[in-house]
Amino acid sequence: MAAKLKKGDTVIVLTGKDKGKTGAIASVDPKSGKAVVEGLNMAIRATRQSQTQQGGRIPKAMPIALSNLAYVDANGKATRVGFKTEDGKKVRFAKTTGDVIDA
């Protein structure tokens, strides 16, 4: 199935402790159906010191289920994502405004 949310998309969190907050998707794991959003769903992880990185208690963004995320349209509101063909090419569009997401 085609990805409705992709890396770099601005999304809003629908449920959980970060409900209502927005951020950009850093990575998506389609197999588990989760995405990591920059600065959201933070957890403290204890890491060992390495040559390149300082050790200690480091905050890390944890994955959020894709079902708990919604794409933010041009108006700044949550919208569902649909697919349609334009000029023989499959593109994503915002269901609220009808605007094409992939330009």
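The values are calculated or read from the model by the stated rules, or taken from the named source; none is laboratory data. Predicted model, so just to flag it, every value in this text is computed and none were measured. Reconstructed Cβ throughout: ideal geometry from the backbone, glycine too, with neighbour counts over all protein chains shown. Just the protein is used for accessible areas: all its heavy atoms, side chains included, with ligands, DNA and RNA removed. Shrake-Rupley method; radii C 1.70, N 1.55, O 1.52, S 1.80 Å.
Here are a few things to note about the model shown:
- Only Cα pairs under 8 Å and 6+ residues apart enter the sum, and on that basis the relative contact order of the chain stands at 20 percent.
- When peptides 67-75, 48-56 are ranked by their average number of other Cβ atoms within 10 Å per residue, the highest-first order is 67-75, 48-56.
- Less than 5 angstrom separates the built amide H of K77 from none of the residues sequence-distant by 5 or more or on a different chain.
- Contact order relative to length of region 34-79, as percent, for alpha carbon pairs under 8 angstrom and 6 or more apart: 38 percent
- Taking label points 7 Å from Cα along the Cα-to-Cβ direction, A3 and Q53 give a separation of 2.2 nm.
- Summing charges over all other residues whose Cβ lies under 13 Å from the Cβ of S27, with Lys and Arg as +1 and Asp and Glu as -1, gives +2.
- Residue (of A65, V13, N75) at the positive-pole extreme of the chain, dipole from beta-carbon charges: A65
- Accessible area (Å², per residue) of the chain, counting only protein heavy atoms and a probe of 1.4 Å: 69 Å²
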